[in-house]
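Asker: Below: one structure in structure tokens.
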Amino acid sequence: MRSIYDLSLKDIENYLLLHDFKAFHAKQIFRWLYHKRASDFDQMSDLSKKLIGQLKEDFYISDLKIRDKQVSKDGTKKFLFELEDGALVESVLMIFEYGFSACVSSQVGCNMGCAFCASGLLKKQRDLKAEEIVSQALMVQRELDNEGNRLGNIVVMGTGEPFDNYDNVMKAMSIINDPYGLEIGARHISISTCGLVPGIERFAKENLQYNLAISLHAPDDELRSSLMPVNKAYPLAELMKALKNYASLNNRRLTFEYLLLKGVNDSEKQVKQLKELLKGLNAYINLIPYNKVSEKDFETSSEENALRFYDLLKKNGIAVTLRQKKGDDIDAACGQLRANKLK
Ligand code: SAH
């Protein structure tokens, strides 16, 4: 038995043909699953008894178990889901002026070992299956269904490195993006990577319209390697080369995420280095306040310094945004809720 959420529209079409059914039923099935949010094959009233019987023999539909849910004063909701094997993953629902956004996890734990991040406190247990990534988005949409709202954006910025689980993440995004699936536009889907160059190279060739975000956090190799071990394997020169190649193949603007770490990466020196690094790229920097992780010594930059850094970047002609802080009264940092639960 297999979760039906693991199948793309094309997979269902192939399955149907293999079992002597017409391929067009795949669209009906997808609509039942993702538009009407069916929880049982028996609800699929425009399918034949025979087809429903066949589907039941091979697949199941199941929700994730909600192990914990925290609600922030600003409306941010954080979910801790339990998977079939008992593994725990986090997803976050955020409310922006432009709509509802779900942040989903791509792995159980993470092996990238970034010095400031709570996800790496627990090593990677396994990759998430496509079905488990789709299910996180569906669960968040089910939550919104209670209020009559629609999920409009997906960011793959939860626990895990999406390009370390490339195939499953891409399959999940194709189901989420499908007009018969969750119908979230490609330009409303963002994938964030710590800078795995082979993944970026692969992604560049696919010509997908998803947004690509790079967790930069430091503009020189010495500092970046001290914060992000991945930089030792793929230093900035290699990373920037891959990104320039991506930019030449895709006419898309790149996002560079930049955590504001007090006294670490928020001085004038870094502004000059960033200017040099991003020269000629169609990109902008998204400054992110750091969510305190109790096990780590890092602090977020003071508001005053954050604004100064922001202004300096602007004055130097760098496109920059300052991310609003969401859910900092709950365990909103990546991996925090899960780490606290497992303690
Ligand atoms: N592995 C991917 C995606 C998951 S992390 C990546 O590295 O991009 C998503 C983003 O959250 C990254 O930019 C990451 O550096 C950042 N992040 C990690 N811990 C954080 C914290 N405590 N506060 C704020 N952002 C954090």
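The values are calculated or read from the model by the stated rules, or taken from the named source; none is laboratory data. Here the structure is a predicted model, which means the values were calculated and not measured. Neighbour counts run over all protein chains shown; Cβ positions are idealised from the backbone, glycine included. These accessible areas exclude ligands, DNA and RNA; they are computed on the full protein's heavy atoms, side chains included. Shrake-Rupley method; radii C 1.70, N 1.55, O 1.52, S 1.80 Å.
Asker: Given N residues in the stretch 25-156, what is Rg(Cα) / (2.2 N^0.38 Å)?
Answerer: Ratio of Cα Rg to 2.2 N^0.38 Å: 1.19.
Asker: Kindly identify the stretch 2-60 as rounded, prolate or oblate by the Cα gyration tensor criterion: order the square roots of the eigenvalues as a ≥ b ≥ c, call it rounded if a/c is under 1.5, otherwise compare a/b with b/c, prolate if a/b is larger, else oblate.
Answerer: It comes out rounded by the Cα gyration axes.
Asker: Also, quick follow-up: More than 37 angstrom separation, counting every C-alpha pair in the chain; what % is that?
Answerer: Above the 37 Å cut-off, the chain has 19 percent of its Cα pairs.
Asker: Which of the listed residues, GLY86, LEU196, ALA242, is farthest toward the dipole's positive end in the chain, when Lys, Arg count +1 and Asp, Glu count -1 at the beta-carbon?
Answerer: ALA242
Asker: What size of dipole, in debye to the nearest 20, comes out for the chain about its Cα centre when the only charges are +1 on Lys and Arg C-beta atoms and -1 on Asp and Glu C-beta atoms?
Answerer: 560 debye
Asker: Enumerate by residue number the GluC sites (Glu not before Pro) in the stretch 124-165 meeting two conditions: DSSP loop (anything except H, G, I, E, B), and at most 15 other Cβ atoms within 10 Å of the site's Cβ.
Answerer: GLU147
Asker: Cross-link partners among aspartates and glutamates for LYS326, C-alpha distance below 19 Å, same-chain residues fewer than 8 apart left out?
Answerer: Once the sequence-local aspartates and glutamates are set aside, what remains near LYS326 is ASP68, ASP74, GLU90, GLU97, GLU143, GLU257, GLU299, GLU303, GLU304.
Asker: Shape of the stretch 160-247 from its Cα gyration tensor (a ≥ b ≥ c, root eigenvalues): rounded if a/c is under 1.5, otherwise prolate when a/b > b/c, or oblate?
Answerer: It is prolate, given that a/c is not under 1.5 and a/b is the larger ratio.
Asker: Here is a further query. For the chain, set up a GNM with springs between Cα atoms under 10 Å and report which of PRO198, PRO219, PRO289 has the largest fluctuation.
Answerer: PRO198
Asker: Loop-only check: which trypsin sites (Lys or Arg not before Pro) in the stretch 143-225 are DSSP coil with at most 16 other Cβ within 10 angstrom?
Answerer: Filter output for the stretch 143-225: ARG150.
Asker: Between ASN316, ASN291, ASN153, which gets the highest mean-square fluctuation from a Gaussian network model of the chain, Cα cutoff 10 Å?
Answerer: Looking only at ASN316, ASN291, ASN153, the largest GNM fluctuation is found for ASN316.
Asker: Ok, one more. Just from its helices, what would the mean residue ellipticity at 222 nm be for the chain, if runs of 4 or more DSSP H residues each count -39500 (n - 2.57) and the sum is divided by every residue, rounded to the nearest 500 deg cm²/dmol?
Answerer: My calculation for the chain gives -10000 deg cm²/dmol from helical runs alone.
Asker: Between LYS129, LYS292, LYS36, where does the largest GNM mean-square fluctuation fall for the chain, given springs only between Cα atoms within less than 10 Å?
Answerer: Maximum among the listed residues: LYS36.
Asker: Starting from the amide H of LYS262, placed 1.01 Å from N in the peptide plane, find each other amide H under 5 Å away whose residue is 5 or more places distant or on another chain.
Answerer: For LYS262, the qualifying residues are GLU299, THR300, SER301.
Asker: For the full complex of protein chains and a 1.4 angstrom probe, list LEU151, LEU196 by accessible area with the highest value first.
Answerer: LEU196, LEU151
Asker: If you don't mind, another one. Can you give the angle from 0 to 90° between the axis of helix 268-277 and the longest principal axis of the chain, with both taken from C-alpha atoms, to the nearest 10?
Answerer: 60 degrees
Asker: For the chain, what is the percent of antiparallel DSSP beta bridges, rounded to the nearest 5?
Answerer: Beta bridges within the chain, antiparallel portion: roughly 45 percent.
Asker: Right, another one. Using only the Cα atoms of the stretch 179-311, build the gyration tensor, take square roots of its eigenvalues as a ≥ b ≥ c, and label the shape rounded, prolate or oblate: rounded if a/c is under 1.5, else prolate if a/b is larger than b/c, else oblate.
Answerer: prolate
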